[in-house]
């Protein structure tokens, strides 16, 4: 019988085969070809820097938190053109860093007065250019935090566009929505897991806790029409909705909000699923209909915590799905292959210890060869954790001056991490020793959140104003 980790890779391989030009070492989704932050690679440089082992570097028109994706000799990513106040979709040559095409992809749609200003420069906490693109090798699909969903052919011809907020109502998120779409087996999956009442900043239901002031009027809140959380399945050839599946949750207020992506999985009996975490639960869904196949939760006992929005995407490995509870809470490994509402027996293990070294509030962990690699932004540490039982093999402290919020990447026997300041730390998989650390951005740079990408034995590092290709 195949192990779950092998099945998940096979599922990814089947999905990649649907694209006509995708190659084995491409990086077609923000978490890579196997949706787990890992790729096969060799011969990557042991040392590098802004001017060392740089094959090329390309100027970016402005900041953006999207992780580049790679198809053959093309790199796709989003950015903010701060000079023109435009959201842009870009295609960069992997051979020499030439900008092959750049499109004004944003519609300018701003549904509410408190919409993010995309032109406030590098220190803006978030822009609409945070979600990463996805591709099947024929179309590349870009999503932006204002709801714009735009598809292009690889050569840059626009195929279609739509705005999710125009179609289904204004988003209800405290922070700028930034889930990345997933394109699997000819379907684009986009989850919109949001609070069930509109955001009213400074008033009832507002985005911040009201400490000491008047408390929300529960009766008045009930009069506000409830907002659904839902999953969209979209045809990549024309942008039309295949289905909209409402996903209910018992969570409250901000704990309903999730910024995670959907991940494919194939169970032991061959059942295909799309996994999704948010709203205090993890669920598995039928890819063709969105029907919920199972759910497990919660890490929020009694759903008492109202401000536990979720950022890390679920990661699959060795028969379990790893879920990172928010803030400084533990990580949870849930057994896969179940049906219906799962009981406490479905929990394989959870991380232990006080203070708990294995925790992640923002970065999505990676999985490789029987182990999860969990980068903790709240504890400034990287941990190697055995997937079958949760044993911690090693924990490596990271420098604490800036937050580590890019998700880790595993390639060529090393774990590649980057912090808000553009400092890249490379950690040996076996020993946990930091083998190389270098600043790839300026001393004043901040809020860099794109993950390091490895494709075709090259390393791509995206800062606020540069895209670097690192290779021997």
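Numerical summary
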read-out: Failed criterion for residue 61 (all others in (1) surrounded by fewer than 19 Cβ atoms within 10 Å (Cβ to Cβ); (2) in a strand (DSSP E or B) hold); value: (2)
read-out: Residue list for segment 242-270, filter: free of Cβ contacts under 8 Å to residues at least 40 places away in the same chain and touching a strand residue (DSSP E or B) at 6+ places or on another chain (Cβ under 8 Å); value: 246
read-out: Residue check for residue 438: in contact (Cβ under 8 Å) with a residue 24 or more places away in the chain, surrounded by 19 or more Cβ atoms within 10 Å (Cβ to Cβ) and closer than 21 Å to residue 65 by Cβ; value: no
read-out: Number of the condition not met by residue 468 [criteria: (1) surrounded by fewer than 18 Cβ atoms within 10 Å (Cβ to Cβ); (2) under 22 Å from residue 40 (Cβ atoms)]; value: (1)
read-out: Conditions (1) under 30 Å from residue 449 (Cα atoms); (2) in contact (Cβ under 8 Å) with a residue 24 or more places away in the chain; (3) touching a strand residue (DSSP E or B) at 6+ places or on another chain (Cβ under 6 Å): number failed by residue 280; value: (3)
read-out: Single match in 293, 275 (criterion: closer than 16 Å to residue 346 by Cα, buried (at least 24 other Cβ atoms within 10 Å of the Cβ) and either touching a helix residue (DSSP H, G or I) at 6+ places or on another chain (Cβ under 7 Å) or at pLDDT 95 or above (or both)); value: 275
read-out: Test: residue in segment 67-77 that is part of a loop (DSSP other than H, G, I, E, B), under 19 Å from the mean Cα position of the chain (by Cα) and either surrounded by fewer than 24 Cβ atoms within 10 Å (Cβ to Cβ) or modelled with pLDDT of 95 or more (or both); value: yes
read-out: Count - residues of segment 247-271 that are within 21 Å of the chain's Cα centre (by Cα) and not in a loop (DSSP other than H, G, I, E, B); value: 8
read-out: Scope segment 403-415; condition out of contact with any strand residue (DSSP E or B) (no Cβ under 6 Å at 6 or more places or on another chain) and either more than 25 Å from residue 68 (Cβ to Cβ) or crowded, with 18+ Cβ neighbours inside 10 Å (or both); matching residues; value: 403, 405, 407, 412
read-out: Among (1) at pLDDT 95 or above; (2) loosely packed, with under 15 Cβ neighbours inside 10 Å - the single one residue 121 does not satisfy; value: (1)
read-out: Residue in segment 390-397 that is within 14 Å of residue 38 (Cα to Cα), assigned to a strand (DSSP E or B) and in contact (Cβ under 8 Å) with a residue 12 or more places away in the chain present; value: no
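Per-residue answers, yes or no, for (1) at pLDDT below 90; (2) surrounded by fewer than 19 Cβ atoms within 10 Å (Cβ to Cβ); (3) assigned to a loop (DSSP other than H, G, I, E, B):
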| residue | (1), (2), (3) |
| --- | --- |
| 172 | no, no, yes |
| 188 | no, no, no |
| 195 | no, no, yes |
| 203 | yes, yes, yes |
| 207 | yes, yes, yes |
| 219 | yes, yes, no |
| 233 | no, no, no |
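The values are calculated or read from the model by the stated rules, or taken from the named source; none is laboratory data. Just so it is clear, the structure is predicted and the values come from calculations on it, not from any experiment. Cβ: placed from backbone, ideal geometry, glycine included. Neighbour counts: every protein chain shown.
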